[in-house]
1. When both residues are 6+ apart or on different chains and their Cβ atoms are under 7 Å apart, which pairs have a first residue that lies in region 79-91 and is without any contact (Cβ under 8 Å) to a residue 24 or more places away in the chain, and a second that is of a type in the set (Val, Ile, Thr) and assigned to a loop (DSSP other than H, G, I, E, B)?
2. Could you tell me whether any residue of region 3-17 is part of a strand (DSSP E or B), among the aromatic types (Phe, Trp, Tyr) and modelled with pLDDT of 75 or more?
3. Against the conditions (1) at pLDDT below 70; (2) surrounded by 10 or more Cβ atoms within 10 Å (Cβ to Cβ), where does residue 61 fall short? Just the number, please.
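The values are calculated or read from the model by the stated rules, or taken from the named source; none is laboratory data. Because the structure is predicted, anything quoted here is derived from the model rather than measured. Methodologically, a virtual Cβ is constructed for each residue, glycine included, from the backbone with ideal geometry; neighbour enumeration extends over all protein chains shown.
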Amino acid sequence: MNEREKLMYSIISNISRTEAPLIFKGALITKLILKENGFKQIYDRLKGIEGKPDFENLYTYLSKFFKPFAKREYIERIWDSDKASWNELKE
């Protein structure tokens with residue numbers, strides 16, 4: 001694993017701990033999961049996947065996506081399925 005991959009995994013790990021409703025997909029995530037669980041023969045076969053973006057493109061996509069969220073404060077809300085609307089969370 002190179003330094004850029006370590007940085008990306010660190011960022012994704014920190015985002016995952018926030019329990020935000022995000023799903024992480026992609027070859028790099030799959031590669032990490034396989035490697036961590038001892039599936040080296042499968043992990044090695046992930047090299048050369050067609051259409052897999054390089055790290056720079058992935059970083060650009062993620063940074064464009066996350067910047068608007070990182071700079072915005074959120075009010076805690078809860079979904080009311082009866083009214084089909086978001087309501088402020090009452091404690």
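1. If the second residue must be of a type in the set (Val, Ile, Thr) and assigned to a loop (DSSP other than H, G, I, E, B), the pairs left are 88/75.
2. Checked against the condition, which is being part of a strand (DSSP E or B), among the aromatic types (Phe, Trp, Tyr) and modelled with pLDDT of 75 or more, region 3-17 yields no hits at all.
3. So residue 61 meets the others, but not (1).
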